[in-house]
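Q: Quick one: this structure, given as structure tokens, is what I'll be asking you about.
The values are calculated or read from the model by the stated rules, or taken from the named source; none is laboratory data. Every value quoted in this text rests on a predicted model; they were computed, and no experiment measured them. Cβ atoms come from the backbone with ideal geometry, glycine included; neighbour counts cover every protein chain shown. Areas reflect the complete protein model, heavy atoms only, side chains present, ligands, DNA and RNA absent. Shrake-Rupley method; radii C 1.70, N 1.55, O 1.52, S 1.80 Å.
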Amino acid sequence: MTLTEMGQKLLELRATKDALEAQTKENNAAIEALKKEMAQQMVDDDTPKFVHAGHSFSLLPKTSYSKRGDDELAESGLDYEDYLSTLREEGLGGIIKETVNAKTLQSAITAYVEEHGELSEELAAVIRTYEFNDIGCRRAAVKKPKGA
């Protein structure tokens, strides 16, 4: 393969990568939208669990935590520095980098709530709590017939 052929192949592979990334984003958005719709239908139908096509689907109540938006903080007379100082004062300063990673914040606040029972007033002022239902999906156990 010549250098120009390799260069063309690299361009094609990069284009394929970009297309796959776009498809993955679209697919992930479709998955999340359907999970949200399924969770609501399961709540409406009072069906916390069902089995289909060899998979068990179950309603999983979850709580998500994220930083309140700057406008929302400002309404309370707070700013980004107040957010960071509150995390430090509540013993969560170890998760602070230049930015607070959303997944790190999620796990740290989840652990904080497990330990303290709820968010402190100070944390509640800078952290938004959002409760939602997620869907768990795993292979269902296959029951063997008696005598097999």
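Q: Take the conditions part of a helix (DSSP H, G or I), over 20 Å from the mean Cα position of the chain (by Cα) and of a type in the set (Ser, Thr, Tyr) and apply them to TYR112. Does it pass? Spell out the reasoning first.
A: Working: part of a helix (DSSP H, G or I): yes; over 20 Å from the mean Cα position of the chain (by Cα): no; of a type in the set (Ser, Thr, Tyr): yes.
Against the criterion (part of a helix (DSSP H, G or I), over 20 Å from the mean Cα position of the chain (by Cα) and of a type in the set (Ser, Thr, Tyr)), TYR112 does not qualify.
Okay, residues lined up against (1) open to solvent by 60 Å² or more (accessible area, probe 1.4 Å); (2) not in a helix (DSSP H, G or I):
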{"residue": "GLU5", "(1), (2)": "yes, no"}
{"residue": "PHE50", "(1), (2)": "yes, yes"}
{"residue": "THR63", "(1), (2)": "no, yes"}
{"residue": "LEU84", "(1), (2)": "no, no"}
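Q: Based on this model, can you work out whether GLY77 counts as open to solvent by less than 70 Å² (accessible area, probe 1.4 Å) and free of Cβ contacts under 8 Å to residues at least 24 places away in the same chain?
A: yes
Q: May I ask you to list the residues in the stretch 94-140 that are surrounded by fewer than 13 Cβ atoms within 10 Å (Cβ to Cβ) and touching a helix residue (DSSP H, G or I) at 6+ places or on another chain (Cβ under 6 Å)?
A: Scanning the stretch 94-140 gives no hits.
Q: Taking ALA29 as the residue in question, decide whether it is touching a residue at least 60 places away in the same chain (Cβ under 8 Å), open to solvent by less than 100 Å² (accessible area, probe 1.4 Å) and assigned to a helix (DSSP H, G or I).
A: no
Q: Next question, about the same structure. Which residues, taken from the stretch 38-48, are of a type outside the set (A, V, I, L, M), surrounded by 10 or more Cβ atoms within 10 Å (Cβ to Cβ) and part of a helix (DSSP H, G or I)?
A: GLN40, GLN41
Q: So, one more: What single numbered condition from (1) assigned to a helix (DSSP H, G or I); (2) of a type outside the set (Gly, Ala, Ser); (3) over 25 Å from ILE127 (Cβ atoms) fails to hold for LYS35?
A: Going through (1) assigned to a helix (DSSP H, G or I); (2) of a type outside the set (Gly, Ala, Ser); (3) over 25 Å from ILE127 (Cβ atoms) one by one, LYS35 breaks only (3).
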